[in-house]
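See below for the structure under consideration.
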Amino acid sequence: MIVILYIAALIAAIALLVIAIYLGKTLKSTSQTMDEVAKSLEKITVEVQGITGESQKLLDKTNTLLEDVNGKVAKVDPVFDAVGDIGTSLLGLSQSVRELATLATNKVGQNEAKISQAVSISNSILSFREKMKANKAAKEAAKEAAKEASEQSNF
């Protein structure tokens with residue numbers, strides 16, 4: 001029975017030795033993994049610091065550009081205001097001209113009969129004047145003819 005006890009102790013010792021060996025390998029593998037993680041974190045830290053610096057430069061340039069654009073927009077705003085005022089003025093002028101044309105058209109429509117009558121009277125006056133000229137010319141022609149006839153009869 002002592003032999004069995006020795007054999008059991010020997011088996012327990014071998015089992016502990018195997019467990020210790022596997023535990024050592026596992027710890028060594030874990031240690032290597034942790035070293036690689038630490039190296040990766042260092043690289044990531046360096047990259048993040050580089051990105052942070054570049055990002056800060058980019059933000060500074062963006063702020064400078066934004067200030068420049070805001071300054072230029074502020075200088076251009078009065079031009080757009082003036083163009084808007086011109087558009088408003090032209091609209092007012094156009095409406096005034098339209099109202100004036102409408103008023104003139106209405107007045108002409110209201111006075112159309114009077115205008116027609118005035119044109120008719122003017123045409124009558126011109127016709128009468130032409131008749132008077134024709135009568136005067138005929139009388140002068142008759143006088144001339146009578147004068148010529150009397151001159152010829154005197155010869």
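Since every read-out is calculated from the coordinates, none of them should be taken as a lab result. Small disclaimer: the values here were computed from a predicted structure and weren't measured. Please note: Cβ atoms are built from the backbone with ideal geometry, for glycine as well, and neighbour counts cover all protein chains shown.
Given the condition under 60 Å from the mean Cα position of the chain (by Cα), surrounded by 10 or more Cβ atoms within 10 Å (Cβ to Cβ) and among the charged types (D, E, K, R), answer yes or no: does some residue in the range 25-32 qualify? No, because not a single residue in the range 25-32 is under 60 Å from the mean Cα position of the chain (by Cα), surrounded by 10 or more Cβ atoms within 10 Å (Cβ to Cβ) and among the charged types (D, E, K, R).
Every residue, every condition in (1) loosely packed, with under 10 Cβ neighbours inside 10 Å; (2) over 30 Å from Ala118 (Cα atoms), yes or no:
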| position | (1), (2) |
| --- | --- |
| Ser40 | no, yes |
| Asp68 | no, yes |
| Val79 | yes, yes |
| Asn106 | no, no |
